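Q: One structure, as structure tokens, below. Some questions next.
The values are calculated or read from the model by the stated rules, or taken from the named source; none is laboratory data. These numbers come from a predicted model, not from an experiment. Neighbour counts run over all protein chains shown; Cβ positions are idealised from the backbone, glycine included. All accessible areas refer to the heavy atoms of the entire protein, side chains included, with ligands and DNA or RNA removed. Shrake-Rupley method; radii C 1.70, N 1.55, O 1.52, S 1.80 Å.
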Amino acid sequence: MDSRMQKPFQLYDFDLTLHLDDYFSDHGKKDLLIDLSIGSQVDYLSSASKYFKDTVILKVRDRDFVEMKTLVDTGKPYVQKEGNSEYKDEKQKPAIQSVLKSDLEKENMTEPITLPPADAVISAGLLDVISKDEKDYKRYLRKFLRLLKTGGHLLLFGALNATYIKVGEEKLNVLKYNEDIVRKALTGEGFTIQDQIKTVENSLTNSESMIFIACYKKK
């Protein structure tokens with residue numbers, strides 16, 4: 001695999017598809033999933049079409065947007081597993097509706113397009129990279145909350161007590177925070193935490209551990 005196309009969830013050594021089953025398999029097919037992550041791969045969305053009618057990918061960084069938009073617009077494979085760059089089953093292909101450039105500093109981050117409220121938002125590593133301090137982290141979480149329907153889920157991945165993460169060839173500085181900070185930020189901004197998993201450190205970051213938190217919008 002091209003190192004520039006490093007999939008974000010390799011950073012977390014975590015199989016998201018197992019947890020999509022946990023949170024969405026018993027509730028019928030949902031309308032919309034929004035992905036707001038760092039990088040330009042969507043391997044982890046390979047099973048999303050089982051649970052969501054549409055998937056919209058939002059990219060904050062220009063580089064990620066251009067790479068992801070090119071992949072989708074040219075119809076190139078989205079998933080690369082063990083050297084195989086094609087789907088063996090077309091049903092696995094994510095129902096990606098669009099890739100949009102996002103500006104989190106705007107009231108409507110996808111202006112001039114207005115998205116309907118989503119059933120779920122997935123975010124991996126983005127808050128770590130774009131937040132300069134805890135105030136920023138909370139402010140961006142508040143914007144994530146506005147993307148969701150009442151009862152909608154946020155699946156959040158981050159690096160605890162890290163100072164950098166590697167995304168492909170890039171080494172990106174990140175906000176250093178601990179587990180208590182992220183949990184308090186989530187509950188303080190209106191999320192109810194359902195589940196939390198911590199995994200061991202890995203070579204793509206100097207974090208003490210990675211964290212996955214599943215939560216939902218209370219109101």
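Q: Tell me which residues come under 5 Å, amide H to amide H, from LEU100 once H is placed; ignore anything under 5 positions away on its chain.
A: ILE57, LEU58, LYS59
Q: Quote the FRET efficiency, to the nearest 0.05, computed for LYS171 versus LYS149 with a Förster distance R0 of 45 Å and r equal to the Cβ-Cβ distance. Kindly include the intermediate steps, with their values, before the conclusion.
A: Working: r = 37 Å, r/R0 = 0.81.
E(calc), rounded to 0.05, equals 0.80.
Q: DSSP loop GluC sites (Glu not before Pro) in the stretch 148-219 with at most 10 other Cβ atoms within 10 Å of their Cβ, which ones? Don't skip to the end; give the middle numbers.
A: Working: sites: GLU169, GLU170, GLU179, GLU189, GLU201, GLU208; in loops: GLU169, GLU189, GLU201, GLU208.
Qualifying residues, ordered by number: GLU169.
Q: OK, next. Calculate, in nm to one decimal, what GLN194 and GLU179 gain on full extension: separation in residues at 0.36 nm each, minus their alpha carbon distance. Walk me through the intermediate numbers first.
A: Details: separation 15, 0.36 × 15 = 5.40 nm, distance 1.48 nm.
Net length gain for the segment: 3.9 nm.
Q: Could you tell me what % of all Cα pairs in the stretch 87-219 have separations over 19 Å? Walk me through the numbers before you get to the answer.
A: Numbers: 4740 of 8778 pairs.
So the pairs more than 19 Å apart make up 54 percent of the total in the stretch 87-219.
Q: Around ALA118, which amide H atoms from residues at least 5 apart in sequence, or from another chain, sit under 5 Å from its own amide H, with H modelled in the peptide plane?
A: LEU148, LYS149
Q: Follow-up. Within the stretch 42-63, name every residue whose backbone N is under 20 Å away from a label modeled 7 Å from Cα of GLU111 along the Cβ vector.
A: 58-62
Q: Explain nothing, just the number: dipole magnitude of the stretch 99-219 about its Cα centre with +1 on each Lys and Arg Cβ and -1 on each Asp and Glu Cβ, in debye rounded to the nearest 20. Don't skip to the answer; put the middle values down first.
A: Details: 19 positive and 17 negative charges, 92 e Å.
Roughly 440 debye, rounded to the nearest 20.
Q: Now, a different point. Once label points are set 7 Å from the Cα along Cα→Cβ at both THR163 and LYS53, what is their separation, rounded to one decimal in nm?
A: Using points 7 Å along Cα→Cβ, the separation is 4.9 nm.
Q: Separate question: Give me the percent of DSSP beta bridges within the stretch 90-199 that run antiparallel, rounded to the nearest 5.
A: Numbers: 4 of 10 bridges.
Around 40 percent of the beta bridges assigned by DSSP in the stretch 90-199 are antiparallel ones.
Q: Shifting gears a bit: Keeping the other protein chains in place, figure out the carbon and sulfur percent of the accessible area of the stretch 101-206, with a 1.4 Å probe. Please report the intermediate quantities before stating the final value.
A: Values: 2350 of 4960 Å².
Looking at the stretch 101-206 in its full context, I get 47 percent from C and S.
Q: Hey, another quick one. Given a 1.4 Å probe and the protein chains all in place, what does the accessible area of ARG139 round to, in Å² to the nearest 10?
A: Estimated to the nearest 10 Å², ARG139 gives 70 Å².
Q: Note the full-extension length gain between GLU208 and LEU104 as 0.36 nm times their separation in residues minus their Cα-Cα distance, in nm to one decimal.
A: Details: separation 104, 0.36 × 104 = 37.44 nm, distance 2.81 nm.
Gain in length upon complete extension: 34.6 nm.
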